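Encoded as structure tokens, the structure appears first; notes follow it.
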Amino acid sequence: MCSRGPRRLVQCPSSRLSQAVFSRESDDTMAEGTDTRTQGGSPGPGASKEPAAGRIFSGMQPSGEAHLGNYLGALRQWVRLQDEHECFFCIVDQHALTGDFHPETLPTRVFDLAVSFLAVGLDPERSTIFVQSDVPEHTELTWLFNAVTPVGDLERMTQYKDKSARLESIPAGLLNYPILQSADILLYRAELVPVGEDQVQHLELAREVARRWNHRFGEVFPEPRPILSTAGRILGLDGGAKMSKSMDNTVRILAEPEEIWERVRTAVTDPQRVRRNDPGRPEVCNVFTLHGHLTDPVLLPDIEDQCRAGTRGCVDCKRILADSIGEHFLEVRERAAELKANPQRVREILEAGAVRARKEAERTMTQVRERMGLTWRSGVHAG
Ligand code: TRP
């Protein structure tokens with residue numbers, strides 16, 4: 001069994017999640033220090049300290065202003081990780097080109113996501129916050145990684161299979177998407193990558209890419225490990241699919257209270273609870289799950305008991321959730337309003353982030369180009 005310290009697990013490529021680390025702090029309601037662990041076994045000595053050491057990279061597609069799913073599944077955790085790690089947070093606009101995208105709206109979507117990043121508390125003083133296309137080395141490294149990545153590995157990716165199955169003509173970029181993602185991470189020699197479950201397979205590929213490249217050209221890249229959020233998969237208001245903008249089952253984190261209520265009102269609850277005083281099952285109710293993430297923990301036992309007893313109806317329960325959301329993001333809305341009133345500030349932050357990112361990227365690429373023989377000048381011989 002590959003279940004000792006994270007370092008050892010590097011030798012066990014067969015165990016898919018062997019390298020996953022769970023965030024110690026990804027959920028406010030968790031008791032402190034209970035959930036940093038390596039999946040598939042008890043943490044080895046020192047394993048709980050492991051995450052604090054490494055550099056972090058994560059990326060998010062520019063789908064505009066963040067919604068509750070982005071926040072609970074990723075951003076909330078990113079904000080906390082800044083306390084203990086050197087972090088790079090990237091708006092991956094080049095990844096967006098592999099799906100449906102509109103050149104006219106892409107710039108605004110990048111800006112709106114940047115505002116959300118900053119409003120929730122990503123801190124440009126401590127973290128490098130930047131836009132992927134500002135650092136051309138991402139695509140350069142992607143090309144170089146094409147040299148060590150078998151097409152078969154890419155065709156096996158679940159996300160590729162799902163997305164390509166729906167298309168008549170498959171853009172090469174969709175197949176190569178995980179190579180660009182590997183380049184994102186490895187360009188900064190990041191060791192830890194906070195992601196959702198659905199990205200674990202891409203991380204496994206990034207590790208494979210690092211391993212193959214290092215084997216052929218010499219040790220340059222650490223093998224990055226995912227940090228999985230204990231918030232798990234955040235379901236949308238429909239209670240069925242993952243919360244995502246394209247499913248229209250989200251709540252905008254910057255929504256005003258009236259809008260929050262309009263959205264939360266429509267949320268699907270326990271389908272067996274038809275009448276107001278039918279006993280409910282909080283364990284199958286997505287509204288209750290969201291309460292767990294956003295409502296004051298002191299209120300949770302009552303909410304649960306009254307649902308089970310049928311003494312509080314779903315509508316009242318949703319009102320409490322809407323209020324919790326409104327309150328939770330009160331300051332975030334204020335900060336976002338300030339940033340939107342001062343777009344130059346947002347621009348400056350992203351420009352400064354790009355400068356920092358480029359410096360780091362250039363450092364890696366100098367080594368990589370050299371090792372791969374992209375140094376034609378050394379072949380110019382006198383006489
Ligand atoms: N593929 C990721 C997603 O859809 C986004 C992403 C791109 C990313 N590059 C990354 C995530 C690098 C982590 C690290 O969520």
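The values are calculated or read from the model by the stated rules, or taken from the named source; none is laboratory data. Remember, it's a predicted structure, so these values are computed and weren't measured experimentally. Glycine gets a Cβ as well: all are built from the backbone with ideal geometry, and neighbour counts include every protein chain shown.
Here is a check on your reading of the model: is Gly232 within 16 Å of the ligand (Cβ to nearest atom), over 24 Å from Leu72 (Cβ atoms) and either in contact with a His (Cβ under 6 Å, 6 or more places away or on another chain) or not aromatic (Phe, Trp, Tyr) (or both)? I'd like the intermediate steps shown before the answer.
On the way: within 16 Å of the ligand (Cβ to nearest atom): yes; over 24 Å from Leu72 (Cβ atoms): no; either in contact with a His (Cβ under 6 Å, 6 or more places away or on another chain) or not aromatic (Phe, Trp, Tyr) (or both): yes.
Spelling it out, it is not the case that Gly232 is within 16 Å of the ligand (Cβ to nearest atom), over 24 Å from Leu72 (Cβ atoms) and either in contact with a His (Cβ under 6 Å, 6 or more places away or on another chain) or not aromatic (Phe, Trp, Tyr) (or both).
Please work out if Val220 is within 14 Å of the ligand (Cβ to nearest atom) and either under 30 Å from His328 (Cα atoms) or of a type in the set (Val, Ile, Thr) (or both). Break it down stepwise before answering.
Values: within 14 Å of the ligand (Cβ to nearest atom): no; either under 30 Å from His328 (Cα atoms) or of a type in the set (Val, Ile, Thr) (or both): yes.
No, not satisfied.
From the list His85, His95, which one is crowded, with 19+ Cβ neighbours inside 10 Å, within 10 Å of the ligand (Cβ to nearest atom) and in the same structural domain as Thr230 (by TED's automatic domain parsing)?
Details: His85 fails: within 10 Å of the ligand (Cβ to nearest atom).
Checking each option against the conditions leaves just His95.
When you go through (1) at pLDDT below 95; (2) crowded, with 24+ Cβ neighbours inside 10 Å one by one for Ser63, which number turns out not to apply?
Going through (1) at pLDDT below 95; (2) crowded, with 24+ Cβ neighbours inside 10 Å one by one, Ser63 breaks only (2).
Out of the residues in segment 146-161 meeting the condition of being within 13 Å of the ligand (Cβ to nearest atom) and part of a helix (DSSP H, G or I), tell me which one is surrounded by the fewest Cβ atoms within 10 Å (Cβ to Cβ).
Applying the first criterion (within 13 Å of the ligand (Cβ to nearest atom)) to segment 146-161 yields 157-160.
Next cut, part of a helix (DSSP H, G or I) only: 158-160.
On the way: Thr158: 11, Gln159: 14, Tyr160: 20.
Out of the qualifying residues, it is Thr158.
Looking at (1) in contact with a Gly (Cβ under 6 Å, 6 or more places away or on another chain); (2) exposed (fewer than 15 other Cβ atoms within 10 Å of the Cβ); (3) among the basic types (Lys, Arg), which is the only condition Arg273 fails?
Arg273 satisfies all of (1) in contact with a Gly (Cβ under 6 Å, 6 or more places away or on another chain); (2) exposed (fewer than 15 other Cβ atoms within 10 Å of the Cβ); (3) among the basic types (Lys, Arg) except (2).
Just a yes or no: is a residue in segment 202-212 surrounded by 23 or more Cβ atoms within 10 Å (Cβ to Cβ), in a loop (DSSP other than H, G, I, E, B) and more than 12 Å from the ligand (Cβ to nearest atom)?
no
So if I check each of His95, His102, which one is in a helix (DSSP H, G or I) and of a type outside the set (A, V, I, L, M)? Can you show your working first?
On the way: His102 fails: in a helix (DSSP H, G or I).
Only one candidate passes the filter, namely His95.
Limited to segment 243-254, what total is found for residues that are buried (at least 17 other Cβ atoms within 10 Å of the Cβ) and in contact (Cβ under 8 Å) with a residue 60 or more places away in the chain?
Step one: of segment 243-254, the residues buried (at least 17 other Cβ atoms within 10 Å of the Cβ) are 243, 245, 249-254.
Checking the rest, the ones that are also in contact (Cβ under 8 Å) with a residue 60 or more places away in the chain come to 243, 245, 250-254.
Summing the residues that are buried (at least 17 other Cβ atoms within 10 Å of the Cβ) and in contact (Cβ under 8 Å) with a residue 60 or more places away in the chain in segment 243-254 gives 7.
Consider Leu300 against the criteria (1) buried (at least 16 other Cβ atoms within 10 Å of the Cβ); (2) in contact with a helix residue (DSSP H, G or I) (Cβ under 7 Å, 6 or more places away or on another chain); (3) within 22 Å of Ala231 (Cα to Cα): it satisfies all of them except one. Which criterion is unmet?
Looking at each condition in turn, Leu300 falls short on (1).
Scanning segment 162-201 for residues that are polar (S, T, N, Q) and more than 12 Å from the ligand (Cβ to nearest atom), which turns out farthest from Arg363 (Cα to Cα)?
Initial filter on segment 162-201 (polar (S, T, N, Q)): 164, 169, 176, 181-182, 199, 201.
Going one step further and asking which of them are more than 12 Å from the ligand (Cβ to nearest atom), we end up with 164, 169, 176.
On the way: Ser164: 35, Ser169: 38, Asn176: 24 Å.
Among residues in segment 162-201 that are polar (S, T, N, Q) and more than 12 Å from the ligand (Cβ to nearest atom), the one farthest from Arg363 (Cα to Cα) is Ser169.
Which is of a type in the set (Ser, Thr, Tyr) and more than 14 Å from the ligand (Cβ to nearest atom), of Ser58, Ser116, Ser63, Ser133? Give the steps one after another, and end with the answer.
On the way: Ser58 fails: more than 14 Å from the ligand (Cβ to nearest atom); Ser63 fails: more than 14 Å from the ligand (Cβ to nearest atom); Ser133 fails: more than 14 Å from the ligand (Cβ to nearest atom).
Testing whether each residue is of a type in the set (Ser, Thr, Tyr) and more than 14 Å from the ligand (Cβ to nearest atom) leaves just Ser116.
Which residue pairs have Cβ atoms under 6 Å apart, sit 6 or more places apart or on different chains, and have a first residue in segment 168-186 that is in the same structural domain as Cys87 (by TED's automatic domain parsing) and at pLDDT below 95 and a second that is within 10 Å of the ligand (Cβ to nearest atom) and in a loop (DSSP other than H, G, I, E, B)?
Qualifying pairs under 6 Å: none.
For the structure I just gave you, tell me whether Val315 is among the hydrophobic types (A, V, I, L, M, F, W, C) and not in a helix (DSSP H, G or I).
On the way: among the hydrophobic types (A, V, I, L, M, F, W, C): yes; not in a helix (DSSP H, G or I): no.
So Val315 fails the test.
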